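The next block holds one structure in the form of structure tokens; read it before the comments.
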There are 2 protein chains.
Amino acid sequence: MTPQTIADTLQADILSGALPPGTPLGQTDLAARFGVSRIPVRDALAQLAAGGIITASPNRTATVLKLDTAEVEEMFHMRMLLECDLIGRAVPNMTPSDHSALDLALERSSLEARQDNWASGDQMFHAALYAPAKRPLQSAMADDLRRACSVQVASYDQLVEKAERWLTEHEGIVAACHAGDPKEAQRLLRRHLRAARNHLQKAMKD
Amino acid sequence: MTPQTIADTLQADILSGALPPGTPLGQTDLAARFGVSRIPVRDALAQLAAGGIITASPNRTATVLKLDTAEVEEMFHMRMLLECDLIGRAVPNMTPSDHSALDLALERSSLEARQDNWASGDQMFHAALYAPAKRPLQSAMADDLRRACSVQVASYDQLVEKAERWLTEHEGIVAACHAGDPKEAQRLLRRHLRAARNHLQKAMKD
DNA sequence: GTCCGTATACATGTATACAAAATCAGAGGC
DNA sequence: GCCTCTGATTTTGTATACATGTATACGGAC
């Protein structure tokens, strides 16, 4: 039970919705759960805090990240900036093998999404989408932002059930990539993100 | 000596150039230096790693962030995306008090810069510049990126000596803000970042 | 002379124990 | 009934001690 393993496990729990936003993550409890002392747990929590999916302040127990609507606005806006730029660079760079890798990722992400694992599939799809851009740092940052958004999404069943719609939008983006049309890919991606943001914000107002 | 204090001190040392990129940051040494055990040192290092100004991997000693030219390219590109967007939103939002705060920040940053503290002044200036955009998350992310860039810049005396030129560019940006011209501000900011990137990359090729 | 294996030294990782801070519950006052 | 203060409980922070992992240097084989 290494800190990395603990962090990965917790992240999976958070992204699956098992640990909804605001859930307290006590060090003692987690230490007991994973059968280790609190030290590696602290490391794991630090990792998750670095990734931005939990909030941690000194002397208070960490909690699963909980955004308000303004913060959701910001997050999705940053995603648009970074991801639209990435896809714009990725499309012209796509080799035949990139295209097939993208198809594969789309398919695998559909499977994941239908196995109650939307976040994981979404992450995989977008990773394949931006990989040809060859921008590891920017992609990593976009990944973090997307994960933070997924944490919020995962807590609303009604949104997870929109998976079908989002998969359709993914297909459209892939089509634009295969057609070698960066502008269209950007446009569809922007729409995709805007739609996701709107649904999330609407759900949050309950 | 709280972890926060330790992290702040180390960050200042790194941004001043006292600890150039690649410098090893041994836990034991730091614990001795700050007169604490290794635990709070580990926390401090985790914070710095989260901020992206050191590199830390399990079972090896952390080192001050060292970027190659491709990574510098990426960092500055992300800065352009985030910061140009921020300034575009900030300018139309600037109140009279924002304008005077900006002037003050410009002045204070000039003083800092001439006191061998370029990074701190630069940080302060850009913070004031983007504050009216009311985008705390995006500003924080831009801050991190800028800090990481400053770490590299700080290690080249020849670049630090360009402070005068950069201050002049800052003045130009401020002028565009006072004129209420977001497009011009964005253009100048983009030029500013491009110039900084070019000089850094050129210096790195030695 | 070069390469590889091993042993030693060193740095990091983790557990336990204790200290400090924060939270919570209940008694008292308004 | 509500707020406030206080004490008890819980939770996090830190120091020490030990375990584990990594890098280095040395010796031997080829």
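The table below gives the values:
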| quantity | calculated |
| --- | --- |
| Carbon/sulfur fraction of accessible area - the protein assembly as shown, other protein chains in place, 1.4 Å, % | 51 |
| Euclidean distance of C-alpha centroids, the stretch A:34-49 and the stretch A:53-91, integer Å | 22 |
| Selected from A:Leu145, A:Leu82, A:Leu137 as most flexible by GNM, with chain A as the system and alpha-carbon contacts under 10 Å | A:Leu137 |
| FRET E, pair B:Thr69, A:Arg108, Förster distance 41 Å, beta-carbon r, rounded to 0.05 | 0.75 |
| Loss of accessible area when A meets B, both sides summed, Å² nearest 100, probe 1.4 Å | 1900 |
| Residue among A:Ser155, A:Ser16, A:Ser37 with the largest mean-square fluctuation in a Gaussian network model of chain A, springs linking Cα atoms under 10 Å | A:Ser37 |
| Under 5 Å, built H, 5+ apart or other chain: amide partners of B:Ile54 | B:Ala49, B:Leu65 |
| Accessible area in square angstrom per residue, the stretch A:95-191, 1.4 angstrom probe | 47 |
| Per-residue ³J(HN,Hα) for the stretch B:188-200, Karplus 6.51 cos²θ - 1.76 cosθ + 1.60, θ = phi - 60°, Hz, x for Gly and Pro | 5, 5, 4, 4, 4, 5, 4, 4, 4, 4, 4, 5, 5 |
| Where GluC sites (Glu not before Pro) fall in DSSP loop in the stretch A:87-190, at most 15 other Cβ within 10 Å | A:Glu161 |
| At least 50 Å² accessible surface lost relative to isolated chain, residues of the stretch A:111-139 (1.4 Å probe) | A:Arg135, A:Leu137 |
| For A:Thr23, distant residues with modelled amide H under 5 Å away | A:Val64 |
| Contour minus Cα-Cα distance for B:Thr23 and B:Ala175 (0.36 nm per residue) | 50.8 nm |
| At 7 Å out from Cα toward Cβ: B:Lys183 inter-copy label distances (nm, ascending) | 1.9 |
| Å² per residue, accessible surface of the stretch A:3-64 at 1.4 Å | 48 |
| Cα-based reach from A:Lys134 at 25 Å (exclusive), listing lysines while leaving out same-chain residues under 8 positions away | A:Lys183, B:Lys66, B:Lys202, B:Lys205 |
| Cβ-based net charge around B:Ala179, under 15 Å, with every Lys or Arg adding one and every Asp or Glu removing one | -3 |
| Residues losing 50 Å² or more accessible surface upon assembly, the stretch A:46-90, compared with the chain by itself, 1.4 Å | A:Glu74, A:His77, A:Met78, A:Leu81 |
| Peptide ranges B:19-26, A:94-101 listed from the most packed, as the mean C-beta count within 10 angstrom indicates | B:19-26, A:94-101 |
| Cut-off under 5 Å, modelled amide H: who pairs with A:Tyr156 long-range | none |
| B:Asp206-A:Gln4 pseudo-label distance in nm [points 7 Å out on the Cα-to-Cβ vector] | 3.8 |
| Residue of A:Arg147, A:Arg190, A:Arg114 that the Gaussian network model of chain A assigns the largest fluctuation, springs spanning Cα pairs under 10 Å | A:Arg114 |
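The values are calculated or read from the model by the stated rules, or taken from the named source; none is laboratory data. If you're wondering where the values come from, they're calculated on a predicted model, not measured in any experiment. In this analysis, Cβ positions are derived from the backbone assuming ideal geometry, glycine residues included, and neighbour counts consider all displayed protein chains. Just so you know, the surface numbers come from the protein's heavy atoms only, side chains and all, with ligands and any DNA or RNA stripped out. Shrake-Rupley method; radii C 1.70, N 1.55, O 1.52, S 1.80 Å.
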